[in-house]
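Notes for the one structure printed next.
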Amino acid sequence: MQKSKLATIFLVIIILIYGFLSKIHDINGLYLYVINPLFWGALSIILAISMRKSFENKKLKRNIIQYTTVAVLVYIIVYMVSGLFVTFGRNPYNTSFIGLIKNIWILGIPICAKEFIRYKLINNVYKKDEVKIAVIIAIIYILIDIEYGKFIGHTYATLSIIKYVSQVIIPSIAKNILFSYTAIYSDAMPAMIYQFITNLYYWISPILPNSPWAMTAILDTVIPTILFLYIRYEKNILTPKKDRQEIINTNPGNIIPLIIIIILAIWFALGLFPIKPISIATGSMEDELFTGDIAIIKKCKANDVNVGDIIEYKMDGYTVVHRIVEKKQKNGDFFFVTKGDKNNAPDKDEVNENQLIGKVIFKIKYLGYPALWFNKLKTEEEMIKVETGQ
Amino acid sequence: MKKSNKKSRAIIVLAILLLALAVGYAAFQTQLLVSGTATGADVRWNVHFTNGTKLYEVANDGSKGAEVANTRGTVSLGTASTTGVSHSQTATVTVNLDYPGDEVLLETVIENTGTLDAKLTGFQVSGASNGLIVTSPTNDPITINTDVIHKTNGTCTAQFLVKWDDTVPSFGNSTNHQQAFTITFTYSQDTATKTAPTLTHTDT
């Protein structure tokens, strides 16, 4: 079959209509177990039979697959190791053999078929239209990824929206850019390897890390982005007409250390490590801790704190940083009487050991102000929503 | 050729590292801190307590009464904001009970806004001590509501009796009869259901 832009556009519209229909009705067993896998599977088979085989640069294709394999292994290793910091929980997926087969059918088939279809559609047009079709398909796939039902009829705070955008939309954009690029310069294999192997880990591991949303959002965005940069660099090297300086400029190895440092700094700020920073919001602990200071908290248990230590403990919706003035034990549980240094009297309620987060081991002056200003903005926006009902 | 060898070697090293991690985790599984259902599973999973999780008085016939005042008890869902839904699998419950045998009813509403069916596998209560007991509404040990919490806004309700053990003379700390505990639910994927959902069922 000759390349046909018209056929490609027709199929893209079919995919768009299907994606739209799948969002406007309730996802039930029939859709998940029958319609969705069959639609994507059947479409990919039709395209495999009817569309001509493309010829790619074999060396580039091999290199891209190797880079992708490295990226997938790094992703899984970083994810597994993170559990040592954030603890593990049982995997909600059904990890039995039958469960795995079912998940491959309901999730794996659509994932792989979509990437195959992307590759076939992009390569069914002439070179000058490849990028346009790649962009259109990427946009449609991103739109299909969004769960519109979550937002219709619900009111969300700013933070919830930021979480969803960071966890779903931004990683979807990063992956779709990567997979469209590999579909142009290689074939469907890199995208299928990436998607299938990273998901396979979720389907078979008996335990998974209790990763905060920020950690998974960063991983899911940064790794496809770095992989994209490496593949682009590799492609430039193998392209005979590329200027040498341009090739050097696109070498992602120059920025990898910086990216790693930034990621570690973000994770530290989010409290994912055994020590974490918090901003002091009030002056109750003057002259030890002032408003706007950063206190470095070491996470610990009740046995590790004593009278005189400054601790952070949980209350309903916020945390408090005060000094322990008395430590008691009742029926095996520890209780603490705490007091702010500047307050005249101890805190009204005793602190149960379950409320303990950690103790202050270090302080840094003034660095906490930006976080306090941001928090003030967030609180004001939420109050507006409460008052207006929006 | 050299660059290709480097990548191949990197793949082999990483694969061995991954295998070593998997074997290490299996060998040291008792030392790993594993509790509850992982909150870091992929974005297809979102099963959580909702703001409908509240404390109620127990009516004379044992049924659910009016919602309690804040002075009697509160429920905190951790990451809940003033507007919007919570996304927590753990609820922190604080109760003020007045005398031995005093009780309130905790009604939890669990919602599944993910894209896969889920079923409850258990509840875990921690931090309850010093005279506080948490049971099913019939005073039996907590049972699991095995109904499937279907995806896309399917919900499931479970009730618990929170009472001051009448064989224990003291309750709470020295200044008030107040105690706090946490209740966490665990869930897993349900791959058995293939038809349209039947909705809420109250655990009694």
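Computed quantities for the displayed model
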{"item": "Qualifying position, being at pLDDT 90 or above and within 11 Å of chain B (Cβ to nearest Cβ), among A:I65, A:I27", "result": "A:I65"}
{"item": "Search result, residues across region A:265-318 that are closer than 22 Å to A:N344 by Cα, among the hydrophobic types (A, V, I, L, M, F, W, C) and in a strand (DSSP E or B)", "result": "A:I310, A:I311"}
{"item": "Residue among A:V74, A:V70, A:V78 that alone is part of a helix (DSSP H, G or I) and without any contact (Cβ under 8 Å) to a residue 40 or more places away in the chain", "result": "A:V70"}
{"item": "Single unsatisfied condition, A:N344 versus (1) more than 14 Å from chain B (Cβ to nearest Cβ); (2) assigned to a strand (DSSP E or B); (3) within 18 Å of A:G283 (Cα to Cα)", "result": "(2)"}
{"item": "Only listed residue being of a type outside the set (V, I, T) and away from chain A (no Cβ under 11 Å), chosen from B:L97, B:L116", "result": "B:L97"}
{"item": "Matching residues, region A:79-105, being buried (at least 20 other Cβ atoms within 10 Å of the Cβ) and among the hydrophobic types (A, V, I, L, M, F, W, C)", "result": "A:M80, A:V86, A:F88"}
{"item": "Answer from B:G78, B:G24 - the residue that is modelled with pLDDT of 80 or more, within 11 Å of chain A (Cβ to nearest Cβ) and surrounded by fewer than 18 Cβ atoms within 10 Å (Cβ to Cβ)", "result": "B:G24"}
{"item": "Single unsatisfied condition, A:Y93 versus (1) more than 10 Å from chain B (Cβ to nearest Cβ); (2) closer than 19 Å to A:L32 by Cα", "result": "(1)"}
{"item": "Complete set of residues in region B:6-52 that are under 17 Å from A:K163 (Cβ atoms), among the β-branched types (V, I, T) and in contact with a Phe, Trp or Tyr (Cβ under 8 Å, 6 or more places away or on another chain)", "result": "B:V47"}
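The values are calculated or read from the model by the stated rules, or taken from the named source; none is laboratory data. Here the structure is a predicted model, which means the values were calculated and not measured. Heads up, the Cβs are rebuilt from the backbone with ideal geometry, glycines too, and the neighbour counts pull from every protein chain shown.
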